[in-house]
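The values are calculated or read from the model by the stated rules, or taken from the named source; none is laboratory data. Quick caveat: nothing in here was measured; it's all calculated off a predicted structure. Counting neighbours? That spans all protein chains shown, and the Cβs are built from the backbone with ideal geometry, glycine included. For accessibility, only protein heavy atoms count, side chains too; no ligands or nucleic acids. Shrake-Rupley method; radii C 1.70, N 1.55, O 1.52, S 1.80 Å.
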Amino acid sequence: MLEISNLTHTYGSGPSAHNALGGIDLNVSEGELVCIVGPSGCGKSTLLRSIAGLLRPTGGQVVLNGAPVAQTPDDLAVVFQDYSRSLFPWMSVADNISLPLRRKGEGRKQRARSAMEALEQVGLAGAADKYPWELSGGMQQRVSIARALAYRPALMLMDEPFGSVDAQTREDLEDLTLRVRGHHNMTILLITHDIDESVYVGDRVVVLSKAPARIVGDLRVDLPGPRDQINTREHPDFVRLRAEVGRLVRGMRTSPASAS
Amino acid sequence: MKHSAPASPKSSGTSPGGSPSGLRGVARAVSRLWLVPVALVLWEIGTRAADTPYFPSPTTIAVKMREMWLNGPASRLWLSDLALENFPPSLARLFAGWALAGVAGIVLGVMLGRSVLLARFVDPLVHFGRAIPPPMLLPLLIPLMSIGTQMQLTTIVFGVIWPVLLNTVDGARYVDRQHMETARVFGLSWGQRLWRVILPSSTPKIFAGLRLSLSLALILMVISELVGSTNGIGFQLRAAERAFDPPALWGAIVVLGLLGYVLNLAFFAIERRVLSWHRAAKQTT
């Protein structure tokens, strides 16, 4: 459903130009949860912004459900890392979630119902009338996820979504992501710099190199489900995969047996 | 919930118990206002000691004010004919001028703030216009429009539009980039972006501008009435000056001071209400 071919991007020009993406080819099929992991500053966000249509890449093309991405696509939602700057502080939680739904042609009542449903899915049914700043960081990020869910996108992009919350909340949100993907037939692209997280959450882990980013690894994660923070993380396959991904991220050669 | 308890700034404003909070309110008012009677007493002593006709004592001024403006029937809140002849027109000018300038300033400000191209062309004009002291317009406007409401309103609007305009430009230009990107990703329409994102995000700045404009509007209202008017507080001030009636002159000054104080207080109350999200959001993040 998502086809990225030979995507390149360079910021600026001349001697100060920064080459962020060095030719990315990636295909994601419907319903997949793909984690993109790479070292800090490698161009992960540039990739995400190109897919979201927030940035016009200097080369290559992104095709979403058969249509090349030029503007921000209709059935795409983003969960940003910085929830406090993504949710609107002057609106209640319910309004934050239902505002984008007007575009989907939903009436006032339907919008309110959709917002409520999404809040229930993220376990925040009681927070509809609160303002985002009345909630803790983890809860605000849940609201962001609820907003994306209510929008019912074909593709959900998550940009380091759990980077600004504490470890406990992070685990909760990882499990939440695994849970909600089952509700809708959503394709999810999650960008992270956390190697464990990428293996724990993803069906597939795509590893990027340092800038200019290229794909240096594409691993399928076949862990027995349902995944669980304790058991999954001590499973031999998990341990092997995280080592594998870790080596790739640090730019080491991998053992040939497991590279695919 | 496993998360840490969310901060709830709403509950912090109320104090527990009925009568202690009432007492505390009185104590707060006293601690804030005690300087006023002290200043009045000092003023009284000073003016009595100086004993010049130019500086009448506060009691003389108060008596004069009562005589001029507060000798009407109780059904009219004791306001005299003279008061009703002069206060409402002044207030009407002040509010009409301020409101016109506010609307125009916000509309133009959003346009200039969101359009780089427009801002590039219009910016020099804005700064040129802002640099002109508004009272300077009066000699130009009098032959142009003749003395009257139109001229007064023009003076006020021209004088008070700048803080609103410049603040709105600033607010609309620097809407958080991620808020705008969120609006783009979720496909908000042009109208939604304006009404639900750009304007609310700019309100703190807009209100700061409106507040400055309000006090400027009071000043310009008086100035426009000094020169070209047949009624209003400024007109009365001028009349008292010509009639060599210092207590009446001082009376008008006191009324203007009180008016400015009350307007600022009222504006502050509205601002607190409209911008409650802003204050709370700033406290918690």
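Looking for whichever is open to solvent by 10 Å² or more (accessible area, probe 1.4 Å) and within 14 Å of another protein chain (Cβ to nearest Cβ) here; the options are B:Phe158, B:Phe186, B:Phe207, B:Phe128. Which one fits? Even if it seems obvious, please write down each step before you answer.
Details: B:Phe158 fails: within 14 Å of another protein chain (Cβ to nearest Cβ); B:Phe186 fails: open to solvent by 10 Å² or more (accessible area, probe 1.4 Å); B:Phe128 fails: within 14 Å of another protein chain (Cβ to nearest Cβ).
Being open to solvent by 10 Å² or more (accessible area, probe 1.4 Å) and within 14 Å of another protein chain (Cβ to nearest Cβ) holds for just one of B:Phe158, B:Phe186, B:Phe207, B:Phe128, which is B:Phe207.
So is B:Leu165 more than 12 Å from chain A (Cβ to nearest Cβ), in contact (Cβ under 8 Å) with a residue 40 or more places away in the chain, assigned to a helix (DSSP H, G or I) and open to solvent by less than 20 Å² (accessible area, probe 1.4 Å) or not?
Taking the combined requirement at face value, the residue satisfies it.
Restricting to segment B:170-183, name every residue that is of a type in the set (A, V, I, L, M, F, W, C) and within 13 Å of chain A (Cβ to nearest Cβ).
Matches in segment B:170-183: B:Val175, B:Met180, B:Ala183.
What is the number of the single condition among (1) in contact (Cβ under 8 Å) with a residue 24 or more places away in the chain; (2) in contact with a helix residue (DSSP H, G or I) (Cβ under 8 Å, 6 or more places away or on another chain); (3) within 30 Å of A:Asn6 (Cα to Cα); (4) within 10 Å of another protein chain (Cβ to nearest Cβ) that A:Pro161 does not meet?
Result: A:Pro161 passes all but (4).
When the residues of segment A:130-160 are narrowed to those that are among the charged types (D, E, K, R) and in a loop (DSSP other than H, G, I, E, B), which ends up surrounded by the fewest Cβ atoms within 10 Å (Cβ to Cβ)? If you could, list the steps in order and put the result at the bottom.
In the first step, residues of segment A:130-160 are kept if they are among the charged types (D, E, K, R); the result is A:130, A:134, A:142, A:147, A:152, A:159-160.
Subsequent filtering for residues that are in a loop (DSSP other than H, G, I, E, B) retains A:130, A:152, A:160.
Working: A:Lys130: 18, A:Arg152: 16, A:Glu160: 20.
So the residue we want is A:Arg152.
Quick one: B:Leu82 ticks every box in (1) without any contact (Cβ under 8 Å) to a residue 12 or more places away in the chain; (2) of a type in the set (A, V, I, L, M); (3) open to solvent by less than 80 Å² (accessible area, probe 1.4 Å) bar one, so which box is it?
(1)
Determine, yes or no, whether B:Ser215 is open to solvent by 10 Å² or more (accessible area, probe 1.4 Å) and part of a helix (DSSP H, G or I).
The answer is yes for B:Ser215.
Are any of the residues in segment A:56-68 away from chain B (no Cβ under 11 Å), closer than 26 Å to A:Glu30 by Cβ and touching a helix residue (DSSP H, G or I) at 6+ places or on another chain (Cβ under 7 Å)?
Yes, some residue in segment A:56-68 is away from chain B (no Cβ under 11 Å), closer than 26 Å to A:Glu30 by Cβ and touching a helix residue (DSSP H, G or I) at 6+ places or on another chain (Cβ under 7 Å).
Which one of these does B:Gly232 not meet: (1) without any contact (Cβ under 8 Å) to a residue 60 or more places away in the chain; (2) in contact with a helix residue (DSSP H, G or I) (Cβ under 7 Å, 6 or more places away or on another chain); (3) on the phi > 0 side of the Ramachandran plot?
(1)
Residues of segment A:69-118 being closer than 26 Å to B:Ala280 by Cα, more than 7 Å from chain B (Cβ to nearest Cβ) and not in a loop (DSSP other than H, G, I, E, B), which ones?
Selection gives A:Val79, A:Tyr83, A:Val93, A:Ala94, A:Asp95, A:Asn96, A:Ile97, A:Ser98, A:Ala112, A:Ala115, A:Met116, A:Ala118.
Look through segment A:14-43, keep the residues that are outside any strand (DSSP E or B) and in contact with a Leu (Cβ under 6 Å, 6 or more places away or on another chain), and return whichever of them is surrounded by the fewest Cβ atoms within 10 Å (Cβ to Cβ).
If we take residues in segment A:14-43 being outside any strand (DSSP E or B) and in contact with a Leu (Cβ under 6 Å, 6 or more places away or on another chain), then A:Cys42 is surrounded by the fewest Cβ atoms within 10 Å (Cβ to Cβ).
Pick from B:Ser19, B:Ser31, B:Ser11, B:Ser4: which is modelled with pLDDT under 85, at negative phi, within 14 Å of chain A (Cβ to nearest Cβ) and loosely packed, with under 10 Cβ neighbours inside 10 Å?
Going through B:Ser19, B:Ser31, B:Ser11, B:Ser4 in turn, just one is modelled with pLDDT under 85, at negative phi, within 14 Å of chain A (Cβ to nearest Cβ) and loosely packed, with under 10 Cβ neighbours inside 10 Å: B:Ser11.
For segment B:140-154, does any single residue satisfy the condition of being open to solvent by less than 20 Å² (accessible area, probe 1.4 Å) and within 14 Å of chain A (Cβ to nearest Cβ)?
Checked against the condition, which is being open to solvent by less than 20 Å² (accessible area, probe 1.4 Å) and within 14 Å of chain A (Cβ to nearest Cβ), segment B:140-154 yields no hits at all.
So A:Glu134 passes all but one of these: (1) within 13 Å of chain B (Cβ to nearest Cβ); (2) under 28 Å from B:Thr203 (Cβ atoms); (3) touching a residue at least 12 places away in the same chain (Cβ under 8 Å). Which condition number does it fail?
Unmet for A:Glu134, out of (1) within 13 Å of chain B (Cβ to nearest Cβ); (2) under 28 Å from B:Thr203 (Cβ atoms); (3) touching a residue at least 12 places away in the same chain (Cβ under 8 Å): (3).
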